[in-house]
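Have a look at the structure below before the remarks.
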Amino acid sequence: LKWLLWIISSRLSSVTDNTLEVALNEALKAGYRHIDTAAIYQNEEVVGKVLKNWFDSGKLNRKDVFVTTKLDPTTMDPATVEECLQESLKKLQLDYVDLYLVHFPITIAKDENGENYGRTDIDYLDVWKKVEEQYDAGRAKSIGISNFSIKKIERLLKNCRVKPANNQVETHVYMQQKELFDFCTKKGITVVAYSPLGCRGYNLFLEGIGQQTKEVRDIVTDETILALAKKHSKTAAQIALRFLVQLGMAP
């Protein structure tokens, strides 16, 4: 099974809908069967359009593709969880998603100066209870979390009815998340690594939320990675991805 992780937000980058459409079509032709999107990426409609074409043509059945989407952290509220998932399903032109993630453990809002902050009046436990209801209703075949620390997962496990199936976190050779991965594995929670080649678009994200940019190391030009790539006749990206696969993660 090949994995396609759409971590590109058309809102935060210069990637056009047409580029995403072409890329997704080519990925499906190549055999990719996992599509990871999110409400905040603002590309669910493109994903839905492409998938519908593949389904209508008979080239692909719904059961053949695994679709993940996520609850928008900027509007996350227990009262609107169902509405948000229904909106995602409408854009994706699907009756259900295979995995629905709580994108962040906090709801992100802006103050009067336009600065981002985490709202303290919304508890992710209350949000999770509503996500569990979406699982019960069949709109999400499985449910999970993203960007959750060990401490937050422990609190969730003590208070949940349906255990999260997956935790999606930034993981790569520069941020290996061993302690978190071992904890999740022990608890029966799978881990998906986002930004497996590093956060090359991190500064675009920081600029998008009005934060100061930082120096970001580039995995695919790392001398050690390049030396390993040369030794094994692989690309730097293949080495970085293989590292995660051998750890037991899905990059």
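What follows is calculated from the coordinates using simple rules that are stated; it is not laboratory data. Remember, predicted model here, so these are calculated numbers, not experimental data. All Cβ positions, glycine included, derive from the backbone under ideal geometry; neighbour counts span all protein chains shown.
Peptides 31-41, 98-108, 60-70, 170-180: what's the order by average Cβ count within 10 Å, highest mean first?
Final packing ranking: 98-108, 31-41, 60-70, 170-180.
What is the spread of the Cα atoms of segment 2-170 along each of their three principal axes, largest first, in whole Å?
46, 39, 27
Where does the charge balance sit around residue 58 when Lys and Arg score +1, Asp and Glu -1, over other residues with C-beta under 15 Å from its C-beta?
Surrounding charge for residue 58 is +3.
Taking 25 Å as the cut-off for C-alpha to C-alpha distance, list the pairs among 29/49; 49/141; 70/158; 70/130; 91/186; 186/231 that go past it.
With Cα atoms farther than 25 Å apart: 91/186; 186/231.
What is segment 91-201 by shape, rounded, prolate or oblate, if you read a ≥ b ≥ c off the alpha carbon gyration tensor as root eigenvalues and call it rounded for a/c under 1.5, prolate for a/b larger than b/c, and oblate otherwise?
rounded
To the nearest 500 deg cm²/dmol, what mean residue ellipticity at 222 nm is calculated for the chain from DSSP H runs of n ≥ 4 alone, each contributing -39,500 (n - 2.57), summed and divided by the residues?
Only helices count here, giving -12500 deg cm²/dmol.
Sorted by packing (mean other beta-carbon atoms within 10 Å per residue), highest first, where do 125-134, 229-238 land? Spell out each step's value before the answer.
Numbers: 125-134: 19.0, 229-238: 13.3.
Descending packing order for the listed peptides: 125-134, 229-238.
What is the local net charge at residue 141, summed over the other residues whose Cβ is closer than 12 Å to its Cβ (Lys, Arg +1; Asp, Glu -1)?
Charge balance near residue 141 sits at 0.
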